[in-house]
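See structure below.
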Amino acid sequence: MPAQLYPGLSTAASAQAADPGAAMATLRVRGRSIMALVIAPEPPFGDWFAALDEQLRRTAGFFADRPVVVDLAAVLENAGRDAVPVALEGIEERGLRVIGAEGVGPNLLAGTRWARLATSLHGRDVAQAPRADPPAGAAAAPPPAPSLLVDRPVRSGQSVVFEDGDIIVVGAVASGAEVIAGGSVHVYGPLRGRALAGLKTGAEARIFCRRLEAELVGVDQFYRTAEHWGPGLHGRAVQVRCDRGALQLSALD
Amino acid sequence: MAGEGTVSEMSKVVVVTSGKGGVGKTTSSASLGAALAQEGHKVVVIDFDVGLRNLDLVMGAERRVVFDLVNVVQGDAKLPQALIRDKRVETLYLLPASQTRDKDALTEEGVGRVIDDLRESFDWIVCDSPAGIEKGATLAMRFADLAVVVTNPEVSSVRDSDRIIGMLDSKTRRAEDGERLEKQLLLTRYDPARAARGEMMKVEDVLEILAIPLLGIIAESPDVLTASNVGCPVTLHNPASAAARAYRDAARRLLGETIAVEAPQARRGLMSRLFGRKAAA
């Protein structure tokens, strides 16, 4: 899980410099410090990479265009030198840009395809929370929870399915239509068909509608049909939520 | 819309559709087609109900069918051979369906070719859709520029119409090209007496559910049935009847005129409530 994902996460500044050499033309060299992310894989790799994959899925932009330094000390200590290339390959396979390694000497990487990695990068760790805040600027801000905006009525026979997040319908959901969301369902109009929420988020999800005339509403694995909520809520603005294992419908007005 | 008093440069393909059967698509196709022709436009009405053709009967041309839509689509006959000119209005034509074939005899390319050919010489091409949501109905709507959704004030008809509107918004060439397909509601078989007693859906309720502009309301009337049975569109058979007037007004609204929709036997105030009611499509 994300909590254990960045045991060694810190940032390192790396400076790029070039040897001026003895060129005829004047070589202009500038210094630049950039932020790198340091990750420290830990055996067993199965669990650690699963956590990494989960993190990548949740915050796809976190590692984008960001140099990564791999702290291999824990790998070397717990799983031996043979595990080092395995860890590096797994990280590179996931599209992370590895520019350097820590915790291993250059001789350990010599002769492998990782020999080019810098092993003596300098820099200073910067304390930061890996997920809550963008590491620097907005570049790696986690993307907002996605939602699907449907800007016209959902007609009978149509099915709007959006597993990644909320569905917002501006207009009516007709009798015989269905709206199925990974998150919550918001209907700014009469809900006459079916609405199912919480495919991904489970019991957290809710259904909101301006006018409840629905055939069926469902959150998580619970559902109710019109005959179960009686005429009292019919035609009213209603919220549907999960409460202690049961579906609760309540008027919003 | 065509400018006032001029022949339209662009022909319009209009599909008359409903989803549900028996709501009055064929009657409305014939009546709107005839009314448009009576206004001086050159009109062809195409029967897409291959295998269950009716339009030839309603237009009184059943004894004059030699070639049909399937023959033309499959290249067995030329378009002029299959077109039947109406004997009463000279700018009105019928392209009949085949009774002996089924909808699979139609292909999208073939229908597209026929419609393109018709666009060259007609102002209005009225496609009478079969009931259902299968191939016949989807081909009838495929090339439409606008749709007339025929609906009875009954829940089953309204829901089927809603389904068809969804298909018009997704399965037509215009929708796929990202263009707007205009959809208008023609409420037929409306019975003011039953509506007043609350035995029938109110016009407002239908409009509220379907959320498309109202093209017209045609009251349930023996004039319409009689006209169908004698094979003459009501606008020709009994021009003074309420139904003929309602169809004629609907045709003129299609032509771009602004005419208030009169609810049959309207109580005072209903007219103004209906007029100008345009919901988001």
| task | Just name one of B:T258, B:G19, A:P153: the one whose Cα is farthest towards the positive end of the charge dipole of the protein assembly as shown (beta-carbon charges, Lys/Arg +1, Asp/Glu -1). | result | B:T258
| Rg to Rh ratio, the range A:173-216, alpha-carbon atoms and Kirkwood radius? | 0.96
| said: Give the average over all directions of the projected area of the C-alpha convex hull of chain B, one decimal, in nm². | reply: 13.5
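Taking the square root of 5 times each eigenvalue of the Cα gyration tensor, what semi-axes in Å does the equivalent ellipsoid of the range B:40-164 have, largest first? Kindly include the intermediate steps, with their values, before the conclusion.
Values: eigenvalues 104, 56, 43 Å².
The equivalent ellipsoid of the range B:40-164 has semi-axes of 23, 17, 15 Å.
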| request: Run the quick spin-label model on B:D102 and A:E93: label points 7 Å from Cα toward the beta carbon, then report their separation in nm to one decimal. | output: 5.2
| query | What ranking, highest mean first, results for peptides B:141-153, B:77-89 when packing means the other Cβ atoms within 10 Å averaged over each residue? | reply | B:141-153, B:77-89
| request: Compare the peptides B:94-105, A:93-104 by average per-residue count of other Cβ atoms within 10 angstrom and give them in order, highest first. | output: B:94-105, A:93-104
| task | For the range B:82-96, just list the computed ³J(HN,Hα) in residue order, Karplus coefficients 6.51, -1.76 and 1.60, θ = phi - 60°, integers in Hz, with x standing in for Gly and Pro. | result | 8, 6, 10, 8, 5, 7, 9, 10, 6, 9, 10, 10, 10, 10, x
| Relative contact order, percent, chain B [alpha-carbon distance under 8 Å, six or more residues apart] | 23
| request: Check cross-link reach from A:K200 to the aspartates and glutamates: straight Cα distance under 18 Å, and skip same-chain residues fewer than eight apart. | output: A:D53, A:E54, A:E163, A:D164, A:D166, A:E178, A:D220, A:D243
| note | Listed by chain and number, the lysines with an alpha carbon less than 23 angstrom from that of B:K135, same-chain partners under 8 positions apart left out, are B:K12, B:K20, B:K25, B:K103, B:K171, B:K183
| remark: Relative contact order in percent for the range A:183-240 (Cα pairs under 8 Å, 6+ apart) equals 34
| Range of Cα positions in the protein assembly as shown per principal axis (Å), largest first | 100, 66, 44
| Under a 5 Å amide H to amide H cut-off, with H placed in plane at 1.01 Å, what residues pair with B:K42 once short-range neighbours are removed? | B:D123, B:W124
| Roughly what would the spin-label model give for A:E163 and B:N229, points 7 Å off Cα along C-beta, in nm? | 5.8
| field | Pairwise label distance in nanometres, A:L149 with B:S121, each label 7 Å out on the Cα-Cβ vector | value | 5.0
| note | Among B:L185, A:C209, B:A242, the residue whose Cα sits farthest towards the positive end of the charge dipole of the protein assembly as shown (+1 at Cβ of Lys and Arg, -1 at Cβ of Asp and Glu, taken about the Cα centre) is B:A242
| said: Suppose R0 equals 30 Å. What FRET efficiency, 1/(1 + (r/R0)^6) with r the Cβ-Cβ distance, do A:Q248 and B:S170 give to the nearest 0.05? | reply: 0.25
| said: So if the hydrodynamic radius of the range B:100-210 is defined as the Kirkwood radius over C-alpha pairs, what does Stokes-Einstein give as its diffusion coefficient at 25 °C and 0.890 mPa s, in µm² per second? | reply: 158
| request: Quick one: which residues, 5 or more positions from A:V187 or on another chain, have an amide H under 5 Å from its amide H? H modelled 1.01 Å from N in the peptide plane, none for Pro or chain starts. | output: A:V169, A:F208, A:C209, A:R210
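With +1 on each Lys and Arg Cβ and -1 on each Asp and Glu Cβ, how big is the dipole of chain B about its Cα centre, in debye rounded to the nearest 20? Let's see the in-between values first.
Details: 37 positive and 40 negative charges, 133 e Å.
For chain B, the charge dipole is close to 640 debye.
Might you report the magnitude of the Cβ-based charge dipole of the protein assembly as shown about its Cα centre, with Lys and Arg at +1 and Asp and Glu at -1, to the nearest 20 debye? The partial results should precede the final answer.
Working: 62 positive and 67 negative charges, 231 e Å.
Dipole magnitude for the protein assembly as shown comes out near 1120 debye.
Every number here is computed from the coordinates shown, using simple stated rules; none is lab data. These numbers were taken from a predicted model, which means no experiment stands behind them. Here Cβ is always computed from backbone atoms with ideal geometry, including for glycine, and neighbour counts include all displayed protein chains.
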